[in-house]
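Heads up: the structure comes next, in structure tokens.
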Amino acid sequence: MTERKPPGIPFESWVDKQIRDAEARGEFAHLTGAGKPLPDGTDTTYDELWWIKRKMAREGLSVLPPTLALRKEAEDALAAAYAAPSERIARRILTDVNVKIRDMMFKPPPGPPLGMKPYDVEQVVREWRERRAVGGAGDAEQGPSHP
């Protein structure tokens, strides 16, 4: 639409003519989404970040508040510690995540509270040994038995 509106023609009728001419040329025939219903969620209130949220959903991305992300990381670290091939590696995994938990406890970011404390490394290592002794190395799905 590089054509300029001629003087003396009302704007609305000029735009309508441009649209009719483009339709006649078939310029709207192969647009993505043509003939398909609008996506769900169009009846909600306007959100300025709608396009970012839709892009993140399409890309399979998510952003958690820092405390929730650390909770998830701590759960994953505990499971990894239980599945670790050696006691040394299990201790290192727990020590690393405990540093992050302590940092967040003393400098909490905005958002929901962390609601957890550092893992008792010795207790988890005792459980790790017990699981190894009975051949239950695949029991990493169970939650910790410490407070």
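Each reported figure results from applying straightforward, stated rules to the coordinates on display, with no laboratory input. Computed from a predicted structure; not experimentally measured. Because the Cβ atoms are built from the backbone with ideal geometry, glycine has one as well, and the counts that use them run over all protein chains shown.
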Q. Which FRET efficiency value, to the nearest 0.05, do you get for Ile89 and Met116 by plugging their Cβ-Cβ distance into 1/(1 + (r/R0)^6) with R0 = 22 Å?
A. 0.50
Q: Please compute the net charge surrounding Lys5, taking Lys and Arg as +1 and Asp and Glu as -1 over other residues with Cβ under 13 Å from its Cβ.
A: -1
Q) Among all lysine pairs in the chain that are eight or more places apart or on different chains, how many have alpha carbons less than 23 angstrom apart? A) 9
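Would you kindly calculate the mean projected area, averaged across all directions, of the convex hull enclosing the Cα atoms of the stretch 63-118, in square nanometres?
3.8
Ratio of the chain's C-alpha Rg to 2.2 N^0.38 Å, to two decimals?
Working: Rg = 28.8 Å, N = 147, 2.2 N^0.38 = 14.7 Å.
Compared with the compact-globule rule of thumb, the chain sits at 1.97.
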Q. Stretched out fully, how many nm does the piece from Lys100 to Arg58 gain, at 0.36 nm a residue minus the Cα gap?
A. 12.1 nm
Q: On a 0 to 90° scale, report how tilted helix 11-25 is relative to the longest principal axis of the chain, with both axes built from alpha carbons and the result rounded to the nearest 10.
A: 80
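Taking the Cα centre of the chain as origin, work out the dipole magnitude from +1 charges on Lys and Arg Cβ and -1 charges on Asp and Glu Cβ, in debye rounded to 20.
440
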